[in-house]
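Inspection log for the structure reproduced underneath, given as structure tokens.
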């Protein structure tokens, strides 16, 4: 079944935790192909050549077509698979994570390793800029100054981001509307402004909103 709702890493990040003197450093990056993921893992292994372990996991494809993980010398099933499970549980696609471990001299045991590697991934995700891609149509809504507040109310009530507002002879408000909400939003605006607003629609796009900015994918 096609997975229509998922999240992606827009900007990667680094997270770290310490467990019984062992350091776990998680690097997370967006990737589009398996080869990109493999190359990223290799680069981190080269960068952290002096670490005891550089365990990895990645997910490629809008429907998890490719999933891979490795324990890099840790006991089987204590590192790579738990890391992959975090990505799958959080529904994050098209990303790779490498967790570097500097051994602190104290054995953690199977359960301790699983918790530490998963915890490191979660710390890494906190440092990332994550977005849920949607399908929508950007639009420009033109109205007179009387209708401006009414349209702004409709958009905010519908949890739609106002991307830009131009004040000229008319007020032009830019936003993007999920395709499934277009009819409802169009009706709300028409009702609130008594049909006085003019909406110019652009072609559908895959998009996300980050810090109030429209990001097209």
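Quick notes on this one:
- Cα-based helix-to-principal-axis angle, 145-157 vs the chain, degrees rounded to 10: 30 degrees
- Which of 96, 172 has the fewest Cβ neighbours within 10 Å, and the rest in rising order: 172, 96
- Rounded tilt (10° steps) of 182-193 against the dominant C-alpha axis of the chain: 40 degrees
- The long axis of helix 109-126 is offset from the longest Cα principal axis of the chain by roughly 30 degrees.
- Whether the range 7-131 is rounded, prolate or oblate, judged on the alpha carbon gyration tensor where a/c under 1.5 counts as rounded: prolate
- Prolate/oblate/rounded call for the range 134-216, Cα gyration tensor, a/c under 1.5 rounded: prolate
- Centroid-to-centroid separation of the range 108-124 and the range 141-190 [C-alpha atoms, Å]: 46 Å
Read the figures in this text as sums done on the coordinates, not as results from a lab. On a predicted model such as this, the values are computed, not experimentally measured, just so you know. So basically every Cβ, Gly included, is an ideal-geometry build from the backbone, and we count neighbours across all protein chains shown.
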